[in-house]
Amino acid sequence: MKDGHSQTYPPGLYIVATPIGNLGDITLRALEALKAADLIACEDTRVTAKLLSHFGIGKPTLSYNDHNGADRRPQIIKELQAGKRVALVSDAGTPLISDPGYKLAREALALGIAVTTLPGPSSVMAALCLSGLPTDKFYFAGFLPPKVQAAKDAILSFTNLRATIVLFEAANRLEDTLALLRKQLGNRDAAVVREITKLFEESKRGTLDELLEYYAHNGAPKGEIVLLIGPPQEEAISEEDLIRSLNALLASNGVKEASTILAEQTGRPRKEIYTLALKLIQDQ
């Protein structure tokens, strides 16, 4: 392929990220791919029609979503096998995140059809940037199940992850979800990020208790919401326990391996543990 505006788009499936609010966030490549497409598969044709109209793009569209995905996939695959260029978009953000797009991409790949991505806006990444929570490790859990027990089971699966948890949630369920997270995880740091890139963009940060109190007093927020929960607080480990654990690891691991394992378990700097391990070996 050639670079820039002269870039050509051969047959295949193009996974195109679109703005999550501000239309100015669309990329040049996304516009080129949409203009080059023979067909645009979209979550909701009415939503995508507004985007296409804004940029003066007139291309055939076909709805492809959770409700009709199983029926529409063969039709889209047929177009791809006929040598057509198909652009896949969601209502907002990056396709394949909490939508059936991955099934289409997986089937296309299995059939040897070219699949490429045109990266761009993502509410998950944007919310992480705005949350004030650790971004070095995160786990995207999508929407929690609507039934309480199923939601508890889902939360249990990531309770001990030393990572920021990212959830999607509806405004009318936010308080119930915050309360359930508080009960299952304890009073962790969290953030509610809404209307990202839009006029009323807001990031409300605090502990789960503080957020519960805020929304109980102010009511449920409006708009699209991303809920983020910080990792569990690292428990301080005494020097005596640190040495005991390190000696146990050194009995069956090298210095490097033992230091890496203990640093991951305790959150202490690996260099610090490595230096201690060398001292322990020298003192033996």
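Mind listing just one residue for me: the one in segment 196-226 that is of a type in the set (Val, Ile, Thr) and in contact (Cβ under 8 Å) with a residue 60 or more places away in the chain and, of those, surrounded by the fewest Cβ atoms within 10 Å (Cβ to Cβ)?
Out of the qualifying residues, it is Thr197.
Note on segment 4-62: among residues that are among the small types (Gly, Ala, Ser) and assigned to a loop (DSSP other than H, G, I, E, B), the one that is nearest to the chain's Cα centre (by Cα) is Ala17. Condition (residue is within 27 Å of Ala141 (Cα to Cα) and either of a type outside the set (A, V, I, L, M) or surrounded by 14 or more Cβ atoms within 10 Å (Cβ to Cβ) (or both)) applied to segment 251-260: is it met by at least one residue? Within segment 251-260 (the criterion being within 27 Å of Ala141 (Cα to Cα) and either of a type outside the set (A, V, I, L, M) or surrounded by 14 or more Cβ atoms within 10 Å (Cβ to Cβ) (or both)), the answer is no, since none of the residues qualifies. Scanning segment 88-119 for residues that are small (Gly, Ala, Ser), at positive phi and within 18 Å of the chain's Cα centre (by Cα), we see that the one that is modelled with the lowest pLDDT is Ser98. All of Leu212, Leu280, Leu246, Leu250 fail the test of being aliphatic (A, V, I, L, M) and in contact with an Asp or Glu (Cβ under 8 Å, 6 or more places away or on another chain), apart from Leu212.
Hey, could you check segment 227-250 for residues that are farther than 30 Å from Thr177 by Cβ and hydrophobic (A, V, I, L, M, F, W, C) and say which is surrounded by the most Cβ atoms within 10 Å (Cβ to Cβ)? Working first, answer last.
At the first step, the residues of segment 227-250 found to be farther than 30 Å from Thr177 by Cβ are 236-250.
Narrowing further to those that are hydrophobic (A, V, I, L, M, F, W, C): 236-237, 242-243, 246, 248-250.
Numbers: Ala236: 9, Ile237: 15, Leu242: 16, Ile243: 14, Leu246: 23, Ala248: 12, Leu249: 20, Leu250: 18.
Filtering first and then ranking leaves Leu246.
Could you check segment 22-32 and list, in sequence order, the residues that are surrounded by 15 or more Cβ atoms within 10 Å (Cβ to Cβ) and either closer than 24 Å to Asn68 by Cα or of a type outside the set (Gly, Ala, Ser) (or both)? Across segment 22-32, the qualifying residues are Asp25, Ile26, Thr27, Arg29, Leu31, Glu32. Annotation note: of Gly223, Gly206, the sole residue that is on the phi > 0 side of the Ramachandran plot and either of a type in the set (Phe, Trp, Tyr) or modelled with pLDDT under 95 (or both) is Gly223. Considering every residue within segment 166-177, establish whether at least one is in contact with a helix residue (DSSP H, G or I) (Cβ under 8 Å, 6 or more places away or on another chain), of a type in the set (Ser, Thr, Tyr) and outside any helix (DSSP H, G or I). Among the residues of segment 166-177, not one is in contact with a helix residue (DSSP H, G or I) (Cβ under 8 Å, 6 or more places away or on another chain), of a type in the set (Ser, Thr, Tyr) and outside any helix (DSSP H, G or I), which makes the answer no. Enumerate the pairs (first residue in segment 63-74 and part of a helix (DSSP H, G or I); second residue anywhere and of a type in the set (A, V, I, L, M)) with beta-carbon separation below 6 Å, excluding pairs fewer than 6 apart on the same chain, so at least 6 apart or on different chains. Short answer, once both residue conditions are applied: Arg73/Leu104. Among the residues of segment 196-217, the one identified as part of a loop (DSSP other than H, G, I, E, B) and within 21 Å of Ala163 (Cβ to Cβ) is Ile196.
Evaluation of Val193 against the conditions (1) in a helix (DSSP H, G or I); (2) among the aliphatic types (A, V, I, L, M); (3) crowded, with 16+ Cβ neighbours inside 10 Å shows that the sole unmet condition is (1). Note on segment 131-150: among residues that are in a helix (DSSP H, G or I) and modelled with pLDDT of 95 or more, the one that is nearest to Gly223 (Cα to Cα) is Ser131. Close contacts from segment 250-271, counting a first residue that is polar (S, T, N, Q) and a second that is not in a helix (DSSP H, G or I), with Cβ to Cβ under 6 Å and a gap of 6+ residues or different chains, come to Thr266/Ile237.
When you go through Phe158, Phe168 one by one, which is the residue that is crowded, with 18+ Cβ neighbours inside 10 Å and in contact with a Phe, Trp or Tyr (Cβ under 6 Å, 6 or more places away or on another chain)? Give the derivation first.
Details: Phe158 fails: crowded, with 18+ Cβ neighbours inside 10 Å.
Only one candidate passes the filter, namely Phe168.
The values are calculated or read from the model by the stated rules, or taken from the named source; none is laboratory data. Predicted model only: the values in this text are computed from it and were never measured. For neighbour counting, all protein chains shown are included, and Cβ atoms are generated from backbone atoms with ideal geometry for every residue, glycine included.
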